[in-house]
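Below is one structure, written out as structure tokens, with a few remarks after it.
The values are calculated or read from the model by the stated rules, or taken from the named source; none is laboratory data. What you are looking at is a predicted structure, and each value in this text was computed from that prediction instead of being measured. Using ideal geometry, Cβ is built from the backbone for each residue, glycine included, and neighbour counts are taken over all protein chains shown. For accessibility, only protein heavy atoms count, side chains too; no ligands or nucleic acids. Shrake-Rupley method; radii C 1.70, N 1.55, O 1.52, S 1.80 Å.
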Amino acid sequence: MIKEKVKKACEILEKDGKKGFAKFKGKDSDFLFAGTYIWIHDMNGVMRMHPIKYKMEGKKLIGLKDGSGKRFFVEMNKKVRDKGEGWVDYTWPKPGEKKRSRKVSFVKGAKVDGEDMVVGCGIYDMPDAEIDVLIKE
């Protein structure tokens, strides 16, 4: 379901450009689902759209590290640059929590008004063995 939503989001963005960002926000959005959401950042690691943490928008997050020191935005950009799409695991607080949990996100590249961007969506509470299979794809 996550891959399907990310791919649909990429189609919208490639058609509508940045005007499409609005489709990913608000409680009635089809892209806020099953406890997760779509976000968009650029290849410089600047958060362009985040439907829950609005204060992250416009912030350069490329140096952000998870609890183990992984620069996961760097990893996401590398995955998109090298393969066009794929899964990245890291730790991040669940919505409404401060404690970090293991998360795996599917990211895919999209051209948005001529600019390369990364569209992502992640999930928590997946068994480690399943995450390990995804990130090897």
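What lysines sit close enough to Lys94 to cross-link, taking a C-alpha to C-alpha distance under 17 Å and skipping anything fewer than 8 places away on the same chain?
Lys53, Lys55, Lys65, Lys103
Tally Lys and Arg at +1 and Asp and Glu at -1 over the other residues with C-beta under 14 Å from the C-beta of Asp82: what net charge comes out?
+1
Top mean-square fluctuation among Leu64, Leu13, Leu32, Gaussian network model of the chain, C-alpha springs under 10 Å?
Leu64
Tell me, in nm to one decimal, what length is gained between Glu4 and Ser29 on full extension, where the rule is 0.36 nm per residue of separation less the Cα-Cα distance?
7.5 nm
Mind telling me which of Asp42, Asp82, Asp66 comes out most flexible in a GNM of the chain, alpha-carbon contacts under 10 Å?
Sorting by GNM fluctuation, first place goes to Asp82.
Residues with beta-carbon under 13 Å from that of Thr91, excluding Thr91: net charge, scoring Lys, Arg +1 and Asp, Glu -1?
Around Thr91, the charge tally is +3.
In square angstrom, what is the accessible area per residue of the stretch 1-40 with a 1.4 angstrom probe?
Value returned for the stretch 1-40: 58 Å² of accessible area per residue.
Each label point is 7 Å from the Cα along the Cα-to-Cβ direction; what then is the distance between the points at Lys19 and Ser68, in nm?
With each label placed 7 Å out from Cα toward Cβ, I get 4.3 nm.
Give, as a single signed number, the net charge of other residues whose beta carbon lies under 12 Å from the beta carbon of Asp132, with Lys and Arg counted +1 and Asp and Glu -1.
Once all neighbours under 12 Å are counted, the net charge is -2.
Of all the accessible heavy-atom surface of the stretch 1-49, with the other protein chains kept in place and a 1.4 Å probe, what percent is carbon and sulfur?
Percent of accessible area from carbon and sulfur atoms in the stretch 1-49: 48.
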